[in-house]
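Data block below; observations after.
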Amino acid sequence: MPATDREVDEEGRGDPASVLKARWRELFDTEPPAYNRRFLESRLAYRIQELAYGGLSRETLERLQAMAKQYASRDPAERKARPMLRPVAGTRLIREWRGVEHCVTVRGEDFEYQGRPYKSLSSVARQIAGTKWNGWVFFGLKNQQGRK
């Protein structure tokens with residue numbers, strides 16, 4: 001295993017493609033994909049870091065699996081129709097307001113803030129700020145001029 005981040009970053013850079021593919025087989029126990037060299041180098045570097053420092057946490061893996069299951073259970077037409085501005089379910093929106101950090105979780109059909117469901121980001125922003133706000137602007141998902 002590489003000892004430093006620099007060694008991990010430089011792992012495989014400049015090696016012939018045959019060496020990268022052999023390293024891929026060693027680290028992934030599969031045949032390398034037919035992608036370009038840049039992809040192989042970056043994915044190998046990630047895998048080396050993953051082995052040296054640990055992968056994703058159990059909580060993160062479980063969350064990703066739940067999101068994938070939720071996405072897979074939808075009708076393909078419905079998946080494509082998902083509003084483009086709405087963050088994916090499970091996304092955490094964090095906003096600091098008057099020195100206090102507030103965290104909102106995007107759910108399938110609503111938002112969760114402090115354990116309570118809210119139908120819109122604007123209602124969460126109103127709860128936090130005590131005045132009416134455009135929720136998308138308040139959480140930095142859209143600027144005040146309406147451009148993304």
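The values are calculated or read from the model by the stated rules, or taken from the named source; none is laboratory data. All of these numbers come straight from a predicted model, not from anything done at the bench. Methodologically, a virtual Cβ is constructed for each residue, glycine included, from the backbone with ideal geometry; neighbour enumeration extends over all protein chains shown.
Tabulated results
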item	result
Close pairs (7 angstrom Cβ cut-off, 6 or more residues apart or separate chains): under 17 Å from Thr91 (Cβ atoms) in segment 52-74, part of a helix (DSSP H, G or I) anywhere	Tyr71/Arg79
So Arg98, is it more than 24 Å from the chain's Cα centre (by Cα) and at pLDDT 90 or above	yes
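Residue-by-condition table, conditions (1) at pLDDT 90 or above; (2) in a helix (DSSP H, G or I):
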| site | (1), (2) |
| --- | --- |
| Arg25 | yes, yes |
| Ala34 | no, no |
| Arg47 | yes, yes |
| Ala52 | yes, yes |
| Ala68 | no, yes |
| Tyr71 | no, yes |
| Glu78 | no, yes |
| Pro87 | no, no |
| Leu93 | yes, no |
